[in-house]
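Asker: I'd like to ask you about the structure that follows.
A short reminder: the numbers here are calculations on the coordinates, not readings from a lab. Values in this document were obtained by computation on a predicted structure and should not be read as measured data. Counting neighbours? That spans all protein chains shown, and the Cβs are built from the backbone with ideal geometry, glycine included.
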Amino acid sequence: MGEVILTVRELADYLKMKPITIYKHASEGKLPGFKVGSHWRFKKETIDNWIAGQENSKFCLERK
């Protein structure tokens, strides 16, 4: 099965965020994504790994 690629709207729904926040974080490099022309796209697997990394780093900081 091929990779799942999300649009800004789809990622916003997935993360329960507003699309403008997705644009902001993507352009600042806070969310892993890529541009196709002028449109942002996000690999779902990469986003899921990013979420896991965010959870792990927060957990590690709380334990210190």
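Asker: State to the nearest 20 debye the size of the charge dipole of the chain about its Cα centre, where the only charges are +1 on K and R beta carbons and -1 on D and E beta carbons. Could you put the intermediate results ahead of the total?
Answerer: Working: 12 positive and 8 negative charges, 47 e Å.
Magnitude of the dipole: close to 220 debye.
Asker: Points 7 angstrom from Cα along the Cβ direction at residue 34 and residue 54: gap in nanometres?
Answerer: 2.1
Asker: For the range 1-57, what's the relative contact order in percent, using C-alpha pairs closer than 8 Å and at least 6 residues apart?
Answerer: Values: 50 pairs, mean separation 21.5, N = 57.
About 38 percent, as a whole number.
Asker: In nm, to one decimal, how far is the residue 46 label point from the residue 18 one, both placed 7 Å along Cα→Cβ?
Answerer: 2.5
Asker: Per DSSP helix of 4 or more residues, -39500 (n - 2.57); summed, then divided by the residues of the chain. What does that give at 222 nm, rounded to the nearest 500? Show your work: numbers first, answer last.
Answerer: Details: 3 runs with 37 residues, N = 64.
Helix contribution divided over all residues of the chain: -18000 deg cm²/dmol.
Asker: Report the number of Lys pairs in the chain whose alpha-carbons are under 20 Å apart, with separation of 8 or more residues or on distinct chains.
Answerer: Here the count comes out as 17.
Asker: Once label points are set 7 Å from the Cα along Cα→Cβ at both residue 27 and residue 5, what is their separation, rounded to one decimal in nm?
Answerer: 2.2
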